[in-house]
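Contents: one structure, followed by commentary.
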Amino acid sequence: MAAARKHKRVAVSQPGFLSLKSSTDTSELNIGRKKRVNKNKKKNWNKFSDIQDVEEFLDDVRLQERATGGLIADKSDDSLFFLDIGESKKKESLPTGGEEEDKKKRKNKRPLKVDLILQANSHIPAPKDILAHQQPNAKKLRRKQEQAEQLAAKGVVPRRERLLELRRAAFAAGTPVREKTVPNNNPERAYYDLWGDQPAETADGFYLEQTKKKPVKRPEKLNERPSELPAIEVIAPGGSYNPDFFSHQELLREAHEVEVKKLKAEERLERQLAVNRQELATEETTFKEQIQGLLDEEEQDEGVADEMAGDEEDTGMVSSSQQEKKTERQRKKEKADKLKEQQRRTEREVTSKRQQLFQLRSIQLELKKREQRTRLRQSRRKALQLAQKTQPRRLGRLKFQNPDLDVQLSDELAGSLRRLKPEGSVLKDRFKSFQKRNMIEPRERAKFKRKYKLKYVEKRAFKAIT
């Protein structure tokens, strides 16, 4: 408290300070003795600190700044005082005959009461608005301006100005300028049905794209068919209800070949999985297998010991030879040999290049043969690609398998459509056709897998019977 009172006394007793409040008396400073508080504790600083005198001083300073624009002590006498010469002398100083005009002028210049109320009564200038002086992309624009100045100093004309000069030159030369589209505001224009199906008659690409009238350009690859096979394959003539004998025999032969291939595949699988009784294990072979590892380990240990002994002898000889240093004569000789070898290589390259001049005909023939080989490979590759277009591709985990041929034996043939027995299924045929034409991947029927095992329970009636 003593420090606060001292600070207030010092603030008020400053030589240049003038207070606008006349209620400042020294009697306020004679504050009675108050309770002593321990200021060493932080919790007592704000609780028992009296800063009212400091706040009054700061409020007085702010009031002076708002009213006069600064401290009164710092103001000059001319700004604070004026000389009152009286009303009569003012009228005498004014020229006669112009009082009414002056009143009108003053009345016109006098602001309205509404404007006076809304005017700011503070002499403190408003804080500077930083955002008002900022520009969007100011750094980028400044960099562009500096770059343009550098190019102008070098004599380089920007692209925009160069195009503008070209347009001006073309206009001056009389070249035809692209005509602007005339708006269709003629009252005699054709009637356009807003709800009709006809498209809008306009050649503006941007308008068509924005109004969704212009179709999107379809990629060329989407126009290609996944397979060259027809959607519906016509069966061979032998599959008719009343076929010719030779065509029917040809169809039977094809079905026979398919069945033979299946039988051969099954037989080959059986041969691969068959067990050879001669190669079955006997007691003698099992005993040999059991003792085979023991003998091998003993032989390996003896061989490793011999190899280690031999390695020690070799390492001793190598270490002794490595310790010997080459003489100066040996080094010079090695260097001379390296130079001679390099000279030989360069001479061989020069001679080979000279010999190539005399081999131009053979080189041309070789190039022609190479071109023929490349053409042959290209033709084979194209033929293979055309053949693959008619073959089913591997689209999934499973491989496509051709369906069984619907064939009727000779004794099953019917002479008329009434006695014909239906074979196959239209749904399966379409499903296989989709797979063959690479439209869907080959699939198989999902197998039912039971989650829980079946639990068998004997009922009482069953127990009674048994």
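Measuring between alpha carbons in the structure, the pairs from LYS75/LYS105; LYS399/LYS432; LYS217/LYS389; LYS399/LYS428; LYS264/LYS421; LYS262/LYS399 lying more than 20 angstrom apart are LYS75/LYS105; LYS217/LYS389; LYS264/LYS421.
Using the 10 angstrom Cβ neighbour count as an exposure proxy, how do TRP195, TRP45 rank, fewest first?
Lowest count first: TRP195, TRP45.
Per-residue Karplus couplings for segment 357-365, computed as 6.51 cos²θ - 1.76 cosθ + 1.60 with θ equal to phi - 60°, are listed in order as 5, 8, 10, 5, 5, 5, 5, 4, 4 Hz, Gly and Pro entered as x.
The overall shape of segment 330-391, judged from the alpha-carbon gyration tensor, is oblate: a/c is not under 1.5, and a/b is no greater than b/c.
Distances between placed amide hydrogens fall under 5 Å for ILE440 paired with GLN435, all partners being 5 or more residues away or on another chain.
Each peptide among 53-64, 228-239 gets the average number of other Cβ atoms lying within 10 Å of its residues, and from highest to lowest they stand as 53-64, 228-239.
The phi-based Karplus calculation (6.51 cos²θ - 1.76 cosθ + 1.60; θ = phi - 60°) puts the 3J(HN,Hα) values of segment 342-350 at 5, 5, 4, 4, 5, 5, 5, 5, 5 Hz, whole numbers, x for Gly and Pro.
Between GLU228 and THR390, the built amide H atoms are under 5 Å apart, and every one of these is 5 or more places off in sequence or on another chain.
For segment 35-52, backbone phi angles converted through the Karplus equation (6.51, -1.76, 1.60; θ = phi - 60°) give residue-by-residue couplings of 5, 7, 10, 6, 8, 6, 8, 5, 5, 8, 5, 7, 6, 10, 9, 9, 10, 5 Hz, Gly and Pro being listed as x. Amide hydrogen proximity for GLY70: with H placed 1.01 Å from N in the peptide plane, the residues at 5 or more positions away or on another chain lying under 5 Å are GLU65. Restricting the chymotrypsin sites (Phe, Trp or Tyr not before Pro) of segment 403-466 to loop positions (DSSP other than H, G, I, E, B) with no more than 10 neighbouring Cβ atoms within 10 Å leaves PHE448, TYR452, TYR456.
Every read-out reported here was derived from the displayed coordinates using simple, explicitly stated rules and does not represent laboratory data. Quick caveat: nothing in here was measured; it's all calculated off a predicted structure. Note: ideal-geometry Cβ built from the backbone for every residue, glycine included; neighbour counts use all protein chains shown.
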